[in-house]
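Asker: Structure in structure tokens, see below.
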Amino acid sequence: MTETDATKRPLQIPDKFIPYMEKYRIYKLFKDMMQDLVINLPQDHLKHMKVFLNHRISSAKDADRVILLVSPELKIDVNAIVKDLIKDLGFFVITRRCVMDRYEKSDSYVPGCISPVLMAEVTKSMTMKHPVAQSGWLMFDHPCSVREARCLQQLGVLPTVTLVLMPPPPQALPTENPHTPPRGFFEQDFQGLKIAYKATLKEIHVGVEEDWKAVEARCVRGIRAAAAGALRSGRLTAVGAPSAYRVLLLGPRGCGRRLHANALAHQFGLLHLHFENLYKEAKEGDDEVGDKLRNYGLSTRLKAEIVRRRLAKKDCIDNGWVLTGYPTSGADFEQLDNMPTPPNRVIFLNADAQTCKARVMSRGVDWCTGQQAPLSAGTRVLIHPDDEETQLDAELDAYFSETLAELRAAAGLNAVEVDALKTIDQVQVEIQAAVMAAPAFNIEFGAPLSNVRGD
């Protein structure tokens with residue numbers, strides 16, 4: 001970092017350093033170090049900072065954050081299990097009654113009206129207090145609904161593991177009952193919460209007459225196994241929701257990528273980046289990349305360089321982004337994964353070739369305004385040259401025969417699949433839910449994208 005001059009005031013950090021500092025949370029490290037210095041006021045500041053860094057490295061393991069879900073079919077002493085977990089792992093327990101006590105003392109409390117958003121804020125304040133954040137916490141009767149779970153996830157109250165105590169699966173599937181049984185305010189929506197926390201779910205099957213001591217021992221093993229898996233990469237972890245959403249929308253032409261990317265960008269304040277626009281801008285540039293594009297055309301490396309330069313700019317790092325039109329192959333995806341700020345959400349929009357073709361062939365361009373419009377809108381609307389039927393058939397055939405398999409293999413099992421044949425509102429809701437969902441593992445940086453991560 002020799003390009004920075006510490007004698008200048010205010011000190012300016014070059015933009016190209018920001019992705020690295022954001023990736024490894026160096027800003028947060030400096031903030032924690034300064035806070036520690038102010039609190040302890042050591043005589044030897046340099047020695048104290050060395051001790052602080054050694055302690056940070058040795059304690060890189062994130063505190064365990066556990067949500068315990070118990071099937072209504074089980075008749076076990078949950079309180080006894082929780083008390084033993086406290087003794088073995090040193091948790092702080094956050095119950096629904098504790099949250100409600102704080103909730104009713106809030107200035108925004110309205111008697112007779114329960115706000116999931118305010119409850120989530122109260123819960124977050126409890127989890128962030130010292131020493132709860134350092135020692136870890138356990139919730140076993142909170143949240144009680146999917147809405148409450150989503151509010152907690154949006155505020156960054158994310159478990160490292162969600163333990164589900166349930167009976168062993170039956171040999172034959174039971175008859176489907178479309179109706180959920182009625183439940184009270186303090187009773188959990190068991191099936192809904194399993195879906196909400198499926199990314200960190202760990203099922204523990206409990207026999208009918210199994211001793212609660214044995215169940216507690218299996219819970220401890222499950223928590224430790226989840227923590228060991230999260231630390232396998234050996235890198236530092238961070239607590240909380242993503243600092244910025246970096247979303248990759250993949251799908252064939254006609255699936256609605258740009259439509260949903262615009263809606264998502266508007267909803268979350270993200271930047272919508274479409275590769276075609278980035279390419280046109282780079283081609284007109286008066287630099288080395290622009291010269292190569294004009295003289296030699298596109299290549300895998302040049303496409304990656306165009307995207308890398310745009311993602312490294314400060315507005316993308318501060319606000320987050322949603323990218324469409326790139327990557328178009330497994331090699332492109334590998335290049336994107338190796339960039340300083342890779343995507344932390346990968347979403348596939350699935351639609352069949354016939355539907356995609358019908359959607360593309362039904363639209364045109366107004367040759368006066370350049371705006372997209374239905375072909376039936378008037379005589380000024382013509383088919384775009386890129387939407388010519390023969391070319392479109394070749395693109396869709398290549399996508400479904402080769403590209404889709406390559407991208408799925410590169411993205412890994414935790415990429416989210418969304419059915420793009422549903423209504424626009426339904427598809428957008430599923431995309432937003434996938435973006436806000438808890439990460440598949442404990443929050444890590446620098447890990448391969450085969451397990452989609454939050455940061």
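Asker: Please find, within region 23-53, the residue that is modelled with the lowest pLDDT out of those that are open to solvent by less than 60 Å² (accessible area, probe 1.4 Å) and part of a loop (DSSP other than H, G, I, E, B). Give the steps one after another, and end with the answer.
Answerer: In the first step, residues of region 23-53 are kept if they are open to solvent by less than 60 Å² (accessible area, probe 1.4 Å); the result is 23, 25-26, 29, 32-33, 36-37, 42, 48-49, 52.
Now narrow it down to the ones that are part of a loop (DSSP other than H, G, I, E, B): 25, 42.
Values: ARG25: 67, PRO42: 82.
Looking at the filtered set, the residue picked out is ARG25.
Asker: Show the residue pairs that are 6+ apart or on different chains and have beta-carbon atoms under 6 Å apart, the first residue being within region 118-140 and in contact (Cβ under 8 Å) with a residue 24 or more places away in the chain, the second being of a type in the set (D, E, K, R) and surrounded by 21 or more Cβ atoms within 10 Å (Cβ to Cβ).
Answerer: Final answer for the pair search is GLY136/ASP64; GLY136/ARG65; TRP137/ARG65.
Asker: Yes or no: region 11-22 includes at least one residue that is under 30 Å from ARG310 (Cα atoms), touching a Phe, Trp or Tyr at 6+ places or on another chain (Cβ under 9 Å) and at pLDDT 65 or above.
Answerer: Yes: region 11-22 contains one or more residues that are under 30 Å from ARG310 (Cα atoms), touching a Phe, Trp or Tyr at 6+ places or on another chain (Cβ under 9 Å) and at pLDDT 65 or above.
Asker: Looking at region 187-209 only, could you name the residues that are assigned to a loop (DSSP other than H, G, I, E, B) and loosely packed, with under 14 Cβ neighbours inside 10 Å? Show your work before the answer.
Answerer: Taking region 187-209 as the starting set, the residues that turn out to be assigned to a loop (DSSP other than H, G, I, E, B) are 187-189, 197, 206-209.
If the condition is that a residue be assigned to a loop (DSSP other than H, G, I, E, B) and loosely packed, with under 14 Cβ neighbours inside 10 Å, then GLY207, VAL208, GLU209 are the ones that fit.
Asker: Please verify whether ALA263 is out of contact with any strand residue (DSSP E or B) (no Cβ under 7 Å at 6 or more places or on another chain), farther than 29 Å from GLN354 by Cβ and aliphatic (A, V, I, L, M), treating the condition exactly as stated. First the steps, then the outcome.
Answerer: On the way: out of contact with any strand residue (DSSP E or B) (no Cβ under 7 Å at 6 or more places or on another chain): yes; farther than 29 Å from GLN354 by Cβ: no; aliphatic (A, V, I, L, M): yes.
No, not satisfied.
Asker: Now for a separate question. If you check ALA282, ALA214, ALA265, which single one turns out to be closer than 29 Å to ALA304 by Cβ, at pLDDT 80 or above and more than 25 Å from the chain's Cα centre (by Cα)? Show your work before the answer.
Answerer: Numbers: ALA214 fails: closer than 29 Å to ALA304 by Cβ; ALA265 fails: more than 25 Å from the chain's Cα centre (by Cα).
Of ALA282, ALA214, ALA265, the one residue that is closer than 29 Å to ALA304 by Cβ, at pLDDT 80 or above and more than 25 Å from the chain's Cα centre (by Cα) is ALA282.
Asker: Identify, from the list ASN295, ASN319, the residue that is out of contact with any helix residue (DSSP H, G or I) (no Cβ under 6 Å at 6 or more places or on another chain), among the polar types (S, T, N, Q) and surrounded by 12 or more Cβ atoms within 10 Å (Cβ to Cβ). Steps first, please.
Answerer: Working: ASN295 fails: surrounded by 12 or more Cβ atoms within 10 Å (Cβ to Cβ).
Going through ASN295, ASN319 in turn, just one is out of contact with any helix residue (DSSP H, G or I) (no Cβ under 6 Å at 6 or more places or on another chain), among the polar types (S, T, N, Q) and surrounded by 12 or more Cβ atoms within 10 Å (Cβ to Cβ): ASN319.
Asker: Six or more apart or on different chains, Cβ atoms under 7 Å: show the pairs whose first residue is in region 402-425 and more than 16 Å from PRO343 (Cα to Cα) and whose second is of a type in the set (D, E, K, R).
Answerer: VAL418/GLU430
Asker: Please verify whether LEU413 is within 30 Å of ALA312 (Cβ to Cβ) and either surrounded by fewer than 17 Cβ atoms within 10 Å (Cβ to Cβ) or at pLDDT below 80 (or both), treating the condition exactly as stated.
Answerer: On the way: within 30 Å of ALA312 (Cβ to Cβ): yes; either surrounded by fewer than 17 Cβ atoms within 10 Å (Cβ to Cβ) or at pLDDT below 80 (or both): yes.
Yes; evaluated as a whole, the condition is true for this residue.
Asker: Within region 77-87, is there a residue that is among the small types (Gly, Ala, Ser), touching a strand residue (DSSP E or B) at 6+ places or on another chain (Cβ under 9 Å) and open to solvent by less than 40 Å² (accessible area, probe 1.4 Å)?
Answerer: Checked against the condition, which is being among the small types (Gly, Ala, Ser), touching a strand residue (DSSP E or B) at 6+ places or on another chain (Cβ under 9 Å) and open to solvent by less than 40 Å² (accessible area, probe 1.4 Å), region 77-87 yields no hits at all.
Asker: For region 384-420, what are the residues that are charged (D, E, K, R) and over 23 Å from the mean Cα position of the chain (by Cα)?
Answerer: The first filter runs over region 384-420 and keeps only residues charged (D, E, K, R), leaving 386-389, 393, 395, 397, 402, 406, 408, 417, 419.
Scanning region 384-420 gives ASP386, ASP387, GLU388, GLU389, ASP393, GLU395, ASP397, GLU402.
Asker: Now for a different question. Among the residues of region 96-154, what is the count of those that are surrounded by fewer than 19 Cβ atoms within 10 Å (Cβ to Cβ) and at positive phi?
Answerer: Here the count works out to 1.
Asker: Looking at region 367-393, I want the residues that are at pLDDT below 75 and have a partner that is hydroxyl-bearing (Ser, Thr, Tyr) with Cβ atoms under 7 Å, at least 6 apart or on another chain. Which pairs are those?
Answerer: Close Cβ pairs satisfying both conditions: PRO374/SER362; LEU375/SER362.
Asker: Within region 399-410, can you find the residues that are open to solvent by less than 70 Å² (accessible area, probe 1.4 Å), small (Gly, Ala, Ser) and touching a helix residue (DSSP H, G or I) at 6+ places or on another chain (Cβ under 7 Å)?
Answerer: ALA410
Asker: Okay, moving on. State which residue pairs qualify: first residue farther than 20 Å from PRO159 by Cβ and inside region 66-91, second residue part of a helix (DSSP H, G or I) in any location, beta carbons under 7 Å apart, and separation of 6 or more residues or different chains.
Answerer: Pairs that qualify, where the first residue is farther than 20 Å from PRO159 by Cβ and the partner is part of a helix (DSSP H, G or I), are PRO72/PHE190; ILE76/TRP212; ILE76/VAL215; ASP77/TRP212; ALA80/TRP212.
The values are calculated or read from the model by the stated rules, or taken from the named source; none is laboratory data. Quantities reported herein were computed from a predicted structural model and do not represent experimental measurements. Neighbour counts are summed over all protein chains in view; Cβ atoms, including those assigned to glycine, are modelled from backbone coordinates with ideal geometry. The accessibility values were calculated without ligands, DNA or RNA, using every heavy atom of the protein model including side chains. Shrake-Rupley method; radii C 1.70, N 1.55, O 1.52, S 1.80 Å.
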